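A short worksheet on the structure shown next.
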Amino acid sequence: MDDASSRPFLPQGALPDLFAGPQQLSHDERRAIADAVLSWLKAEHGEDLVAVALYGSTASKTDHAFSDVDMWAVLEDRAGSRPDLEWIWGPGKLEVERMTVTQAITRAAEVNASWPIAQSRFVMAQAMWEAPRQTGFVDRLRASAADLPEAARREAVAECVLQMYEALGKLRTCRAGPMGDVTRICFDFGDPLMRLVALRHRYVFATSRRLLAEALRLEGPAGFRPFLERLVNGPFRPPEQMVDLADECWASLPAWLEKVGLDVSLCLQPSPDTSGIAPPAEPPADRIQVGEGPPPLRRPARQAPRRRRVFGR
């Protein structure tokens, strides 16, 4: 590999850029930044680079003046894990997720309650470059990420319902005692609700910016639309009405779940929380030799569902 001084450099910003906030850029200017990052990735990783993809609004050409640039890159396993890159690059923000082949295959096949949001980075990915020996790798990751086996969906649905139940408890506590931050908790209730409805339709949201708008296009339980419309349009006062809408949405769940054939009995069974357990060690770095291409895309061994307590992604 050439000396660093002869390699292209990543576009960077400065403190004045940071505190000026996001600035307007055209789609073509944003793509030029992505192309500069692609050139850097090629020079930085050489023969270890397998594929580079763009995702999010820039990939789908739905970006607006202040949109970010989101990319991911896949490296041969022998290159080892590399940290993701996220920084201010002048007028905006850029993020590059770097994965080995094994990591990419595992992440694309992962199914949990965040599937409708997290997997958009694969399902909506646009290939920018692929090594000749790995042609079609991005398409294969896309197909794997879009696959949603019924058993895995059942676990993800149960995880969403448990998150809604927890948020509903907090809302009822607000109504019964000193009124807390009802608006924030309503979003904590609405987030898994939207993911639950998306899982029913096997739907992946295109961008987080349009999450509520996209969710409103989906068919859900009777209380789904009134609750989301209040989140979109307000008013958020009086807070007791927001709690009532959440309660009404929850009450409409049983009939809808039965109608669409979603089983939530897993919510009633104790399940270990594996979120803090370290993943298995990766295979030796020489598992894939240059020119052999990636291994077949296989779904990883089944694990107990992880009960993650996070909002959004």
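Using the 1.4 Å probe convention, the accessible area of region 99-157 works out to 33 Å² per residue with neighbouring protein chains retained. Taking amide H as placed 1.01 Å from N in the peptide plane, the amide H of Met128 sits under 5 Å from that of Val52, Ala53, Leu54, each at least 5 places away or on another chain.
Of all aspartates and glutamates in the structure, those lying under 12 Å Cα to Cα from Lys93, and not within fewer than 8 positions of it along the same chain, are Asp17, Asp68, Asp70. Listed values for region 87-96 are Karplus-derived 3J(HN,Hα) couplings in whole Hz (6.51 cos²θ - 1.76 cosθ + 1.60, θ = phi - 60°), namely 7, 8, 10, x, x, x, 10, 10, 10, 10, and x replaces Gly and Pro. Counting only protein heavy atoms and using a 1.4 Å probe, the accessible area of Tyr55 comes to about 20 Å². Across region 223-238, coupling constants 3J(HN,Hα) worked out from phi with the 6.51/-1.76/1.60 Karplus curve, θ = phi - 60°, read x, 5, 5, x, 5, 5, 4, 5, 5, 6, 9, x, x, 9, 10, x Hz, and Gly and Pro carry x. The phi-based Karplus calculation (6.51 cos²θ - 1.76 cosθ + 1.60; θ = phi - 60°) puts the 3J(HN,Hα) values of region 53-68 at 9, 10, 9, x, 5, 5, 5, 8, 6, 10, 5, 10, 4, 10, 6, 7 Hz, whole numbers, x for Gly and Pro. The residues His64, His201, sorted by heavy-atom accessible surface at 1.4 Å with ligands and nucleic acids left out, run His64, His201 from largest to smallest. Packing here is the average count of other Cβ atoms within 10 Å per residue, and on that basis the peptides 78-90, 124-136, 186-198, highest first, run 186-198, 124-136, 78-90.
In whole percent, how big is the carbon plus sulfur part of the accessible area of region 153-274, probe 1.4 Å, protein atoms only? Carbon plus sulfur share of accessible area: 55 percent. Averaged per residue, region 14-80 has 43 square angstrom of accessible surface, using a 1.4 angstrom probe with ligands and nucleic acids left out. Pop out the carbon and sulfur fraction of the accessible area of region 19-138 as a percent, whole number, probe 1.4 Å. Here carbon and sulfur together make up 52 percent of the probe-accessible area. Charged neighbours of Arg237, selected by a Cβ distance under 15 Å, balance to 0 (K, R count +1; D, E count -1).
Given +1 at the Cβ of Lys and Arg, -1 at the Cβ of Asp and Glu and no other charges, the dipole of region 122-204 around its Cα centre is 140 debye to the nearest 20. The residues neighbouring Gly56, those whose beta-carbon lies less than 10 Å from its own, together hold a net charge of -2 under the Lys/Arg +1, Asp/Glu -1 convention. For region 129-265, a crude dipole built from +1 on the beta carbon of Lys and Arg and -1 on the beta carbon of Asp and Glu, taken about the Cα centre, is about 360 debye to the nearest 20. Against the compact-protein benchmark of 2.2 N^0.38 Å, the Cα-based radius of gyration of region 98-219 scales to 1.28.
The values are calculated or read from the model by the stated rules, or taken from the named source; none is laboratory data. All figures in this text were calculated on a predicted structure; none of them were measured in a lab. Neighbour counts run over all protein chains shown; Cβ positions are idealised from the backbone, glycine included. Just so you know, the surface numbers come from the protein's heavy atoms only, side chains and all, with ligands and any DNA or RNA stripped out. Shrake-Rupley method; radii C 1.70, N 1.55, O 1.52, S 1.80 Å.
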